[in-house]
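Enquirer: For reference, the structure I am asking about is given below.
The values are calculated or read from the model by the stated rules, or taken from the named source; none is laboratory data. Predicted, not measured: the structure shown is a model, and the values here were computed from it. Note that each Cβ is placed from the backbone with ideal geometry, even for glycine, and that neighbours are counted across all protein chains shown.
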Amino acid sequence: MRVLSLTAGAAGMYCGTCMRDNSLARELIRQGHDVLLLPIYTPTLTDEANVSHDRVFFGGISVYLQQHFSIFRNLPAWLDRLWDSRLMLKMAASGSIPVNPKLLGEMTVSMLRGEDGFQRKEIRKLTEWLRAQPRFDVIDLPYSLLIALAAPFKRELHAPVCCTLQGEDLFLDGLQEPWRSECLQLIRSQVEHVDRFIAVSDYYAAFMMEYLSIPRAKIDVVPLGIELSGHKPIEKPPSEKLRIGYFARIAPEKGLHVLCDAASLMREPFELRAAGYLPPERRAYLEDLQRRYAFLRYEGSPDREGKIRFLQWADVLSVPSVYDEPKGIFLFEAMANGTPVVQPRRGAYVEIIGKTKGGVLVDPDHPRELAQVLDDLARDRERLRELSKQAAEGVRRAYTIDRMAARTAEVYQSVVDSAVTRVEHA
């Protein structure tokens, strides 16, 4: 099967969506499929071998300039290549283009208007380039924010279109009005152009069915999976202190402040370390936490080897998000290294811990209960060891990259078969 998969770069940050898209493409290729992984906005950053194409479409600089200055909407395509180069995009990724969703309302609306928006030239450039490639059997958009590409892709490339659902509601809900409402209306109006939506969890399938008015029959669930190479449980050296890890983006929505509040209420000795990407606009958030909680140690944003060492160091991992997380890749990575998790009872966390048995659920936004569970684990090391074993076995049983890729290929094939049937009956 020949697959076109788009993936949206997240500037200079390790992004769970980018990493999921890249891992999936690598595994589909390994399983014998022909996959073109095409970056949108900026080059992607992953901690595994990157299989995305060298060329970036809808370059972040071009999109921004065409949104704000009409002259750039009609310049020849060869001139755009100057600021669409990987070097220029990497320089821009350092922060010169705004990425805060509160500042991006007008641009998001324009992108969702597709061929009627300010970036229509970018759609034309992309479809012209793709028409020159060997024909694709199926196309996959990385999220509903790019749903405006579905209609022109089907018209120009004559292939069915899938759209992955993997966390875009957090961005949409961060937009100011009237942009948020307009974006939702624009997405809902284009659901008909997508042949199948792929949700990353049962929770998210049910949520997005209501949120974007998607018929349930058009949604398939493909649980996430991770590449297990390098991840392995180890015998942790004994310690009188419970080693608590936090591994996620440093941001209020991920709940590092909730974990710090809980740690401050613990009775047992502990050590708390946090790691993950720190957005420039969240530096003040981290510094405030470090002033209030002297025990918090931030270890930066590690590469793959550093991430594995961090997760193997921790006795337990907790990322007490204050919103309903649809993915939770960091949970799979922790459990793959034999590190159990303590998570709020919300979003996909419920089904992940339910399937793996590799952690404990607590009430959301409840630092005192979180502190009690952490204290209990600090005192009951036998239970901690049992949870560690269940975590390592559970993630290997339910959340591996080969399972995710095989299930994705099944969905793609069913979409291709349905498209062929429609043509035969036309």
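Enquirer: Only one residue in F197, F153 is among the aromatic types (F, W, Y), touching a residue at least 12 places away in the same chain (Cβ under 8 Å), surrounded by 19 or more Cβ atoms within 10 Å (Cβ to Cβ) and assigned to a helix (DSSP H, G or I). Which one? Walk me through it before giving the result.
Expert: Values: F197 fails: assigned to a helix (DSSP H, G or I).
One residue alone meets the criteria, F153.
To keep it simple, each residue is scored yes or no on (1) touching a Ser or Thr at 6+ places or on another chain (Cβ under 7 Å); (2) of a type in the set (A, V, I, L, M, F, W, C); (3) more than 18 Å from V322 (Cα to Cα).
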position: K254; (1), (2), (3): yes, no, no
position: V258; (1), (2), (3): no, yes, no
position: A274; (1), (2), (3): no, yes, no
position: E281; (1), (2), (3): no, no, yes
position: Y298; (1), (2), (3): no, no, yes
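Enquirer: Hey, can you tell me all the residues within the stretch 277-298 that are among the hydrophobic types (A, V, I, L, M, F, W, C), surrounded by fewer than 17 Cβ atoms within 10 Å (Cβ to Cβ) and closer than 30 Å to E235 by Cβ?
Expert: Let us first name the residues in the stretch 277-298 that are among the hydrophobic types (A, V, I, L, M, F, W, C), namely 278, 284, 286, 289, 294-296.
Checking the rest, the ones that are also surrounded by fewer than 17 Cβ atoms within 10 Å (Cβ to Cβ) come to 284, 294-295.
Correct list: F295 only.
Enquirer: OK, next. Hey, does the stretch 346-355 have a residue that's farther than 21 Å from A398 by Cβ, crowded, with 17+ Cβ neighbours inside 10 Å and modelled with pLDDT of 95 or more? Quick ask: steps written out before the conclusion?
Expert: Step one: filter the stretch 346-355 for residues farther than 21 Å from A398 by Cβ, giving none.
No: zero hits.
Enquirer: Kindly indicate the residue of the stretch 299-324 that is within 22 Å of F270 (Cβ to Cβ) and of a type in the set (D, E, K, R) and also surrounded by the most Cβ atoms within 10 Å (Cβ to Cβ) among those meeting that condition.
Expert: Top of the filtered list is D315.
Enquirer: Any residue in the stretch 232-249 that is within 21 Å of E351 (Cβ to Cβ) and modelled with pLDDT of 95 or more? Give the derivation first.
Expert: As a first pass, look at the stretch 232-249 and keep what is within 21 Å of E351 (Cβ to Cβ): 247-248.
Applying the additional criterion that residues be modelled with pLDDT of 95 or more yields 247-248.
Yes, that holds for at least one residue.
Enquirer: May I pose another question? Can you confirm whether G394 is within 22 Å of V221 (Cβ to Cβ), touching a Lys or Arg at 6+ places or on another chain (Cβ under 8 Å), assigned to a helix (DSSP H, G or I) and small (G, A, S)?
Expert: Numbers: within 22 Å of V221 (Cβ to Cβ): yes; touching a Lys or Arg at 6+ places or on another chain (Cβ under 8 Å): yes; assigned to a helix (DSSP H, G or I): yes; small (G, A, S): yes.
Yes; evaluated as a whole, the condition is true for this residue.
Enquirer: Out of all the residues in the stretch 233-274, which are closer than 20 Å to E333 by Cβ, part of a loop (DSSP other than H, G, I, E, B), touching a helix residue (DSSP H, G or I) at 6+ places or on another chain (Cβ under 9 Å) and in the same structural domain as L311 (by TED's automatic domain parsing)?
Expert: Listed by number, the residues that qualify are A248, R249, I250, A251.
Enquirer: Turning to a different aspect of this structure: For the stretch 117-150, give me the residue count where each residue is in a loop (DSSP other than H, G, I, E, B), free of Cβ contacts under 8 Å to residues at least 24 places away in the same chain and either farther than 21 Å from M1 by Cβ or outside the structural domain of Y204 (by TED's automatic domain parsing) (or both). Explain how you work it out, then say what you get.
Expert: Within the stretch 117-150, the subset in a loop (DSSP other than H, G, I, E, B) is 117-119, 132-137, 142-143.
Now drop any that are not free of Cβ contacts under 8 Å to residues at least 24 places away in the same chain, which leaves 132.
Now restrict to residues that are either farther than 21 Å from M1 by Cβ or outside the structural domain of Y204 (by TED's automatic domain parsing) (or both): none.
Residues that pass the stated criteria total 0.
Enquirer: If you check E253 against the conditions, is it surrounded by fewer than 19 Cβ atoms within 10 Å (Cβ to Cβ), in contact with a strand residue (DSSP E or B) (Cβ under 8 Å, 6 or more places away or on another chain), touching a residue at least 40 places away in the same chain (Cβ under 8 Å) and not aliphatic (A, V, I, L, M)?
Expert: Details: surrounded by fewer than 19 Cβ atoms within 10 Å (Cβ to Cβ): yes; in contact with a strand residue (DSSP E or B) (Cβ under 8 Å, 6 or more places away or on another chain): no; touching a residue at least 40 places away in the same chain (Cβ under 8 Å): yes; not aliphatic (A, V, I, L, M): yes.
No.
Matching residues to (1) assigned by TED's automatic domain parsing to the domain that holds S110; (2) basic (K, R); (3) farther than 27 Å from P302 by Cα; (4) not in a helix (DSSP H, G or I):
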{"site": "L6", "(1), (2), (3), (4)": "yes, no, no, yes"}
{"site": "R20", "(1), (2), (3), (4)": "yes, yes, no, no"}
{"site": "L24", "(1), (2), (3), (4)": "yes, no, no, no"}
{"site": "G32", "(1), (2), (3), (4)": "yes, no, yes, yes"}
{"site": "L36", "(1), (2), (3), (4)": "yes, no, yes, yes"}
{"site": "D54", "(1), (2), (3), (4)": "yes, no, no, yes"}
{"site": "Q67", "(1), (2), (3), (4)": "yes, no, yes, no"}
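Enquirer: Looking at the stretch 279-299, is at least one residue in contact (Cβ under 8 Å) with a residue 40 or more places away in the chain, outside any helix (DSSP H, G or I) and more than 30 Å from D173 (Cα to Cα)?
Expert: No - not one qualifying residue is present in the stretch 279-299.
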